[in-house]
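Heads up, the thing below is written out as structure tokens.
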Amino acid sequence: MTLSHQQKIAACVLIFYWSALFVLTHVPIPDVIQKADVSDKSLHFLAYLILTFLLWSVVSGDKKVKWTRAAPWLVLLVIVVYGILDERLQNYVAGRSCDVRDFFSDLAGALTGLILSSFLTFWPAALLVAGTFIFGVTNVTQTNLADLLPLTDVVFHLIAYAILTILWIHCMHIFLTAKAHKAKWFISAIAGPAGFLIIVKLFSITAGKDFVLSEIIISFVAILVVAAVFYSRASLHKTKH
């Protein structure tokens, strides 16, 4: 069976993500994470939302979930079994324990991932999942990540908003007819992620978190660079033809 472009992308990301997720959930919780007052259940939800979306994308590519078929139920079964094993194994990790509430958070994330894929194809679903993850991670702690883990904060905002912009660009054709070498396209490529960035930061401020200018600058640089790369490639392609 030949894998589609979307399946190849999802498979590569899934291998890295699932491996990292397993490692991170089977080591003692770092002191800095405990100090951050992180919502553990929110992290479980986000982690399994992404895991389920990636696994479904590997199985289906660009197809939507059809609940009358066996595929989504098999994906859900795999996630449920893994979630149970994951919780059971945490009994053997110092500072961790098996928590049924964590499992139900995992299950909620898994179901949400499949429900999203019931209505959206790969790229729009990926964009929504990425946006949910960014929004959640940004607001899942009571303290600023920049204060506790400054380097991690920089890397997170660079990578997260670069990926968000890539996904946004892949979805722009849904509502925008302008070609990638046009100025209107370039402005739209920046406006979408930048608008989302503003919404996320305004919510954080409303929730009582400090305004961190460096996070906005770093995120906007990531957005601008990705949009510029796509725009430049399209312009060069247009020139050659």
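The values are calculated or read from the model by the stated rules, or taken from the named source; none is laboratory data. Note that the structure is predicted; figures quoted are calculated from it, not measured. Cβ sites come from the backbone with ideal geometry, for glycine too, and all protein chains shown count toward neighbours.
Of the residues that make up region 63-85, is at least one within 22 Å of the chain's Cα centre (by Cα), under 17 Å from VAL23 (Cβ atoms) and of a type in the set (Phe, Trp, Tyr)?
yes
Is it true that some residue in region 21-39 is in contact (Cβ under 8 Å) with a residue 24 or more places away in the chain and of a type in the set (D, E, K, R)?
Within region 21-39, one or more residues are in contact (Cβ under 8 Å) with a residue 24 or more places away in the chain and of a type in the set (D, E, K, R).
State yes or no: is LEU145 over 29 Å from LEU77 (Cβ atoms), out of contact with any Leu (no Cβ under 7 Å at 6 or more places or on another chain) and crowded, with 19+ Cβ neighbours inside 10 Å?
So LEU145 fits the description; yes.
Among the helices (runs of 4 or more DSSP H) contained in region 1-119, which hold 3 or more residues that are surrounded by fewer than 16 Cβ atoms within 10 Å (Cβ to Cβ)?
Because the criterion is at least 3 residues that are surrounded by fewer than 16 Cβ atoms within 10 Å (Cβ to Cβ), the helices (runs of 4 or more DSSP H) in region 1-119 that meet it are 5-24, 31-35, 70-89, 100-119.
Return the only residue of ILE190, ILE159, ILE199 being within 24 Å of VAL13 (Cα to Cα), in a helix (DSSP H, G or I) and either among the aromatic types (Phe, Trp, Tyr) or at pLDDT 95 or above (or both).
Sole residue among the options that is within 24 Å of VAL13 (Cα to Cα), in a helix (DSSP H, G or I) and either among the aromatic types (Phe, Trp, Tyr) or at pLDDT 95 or above (or both): ILE159.
Just the residues that are more than 20 Å from the chain's Cα centre (by Cα) and farther than 20 Å from LEU149 by Cα, please, taken from region 208-231.
ALA228, VAL229, PHE230, TYR231
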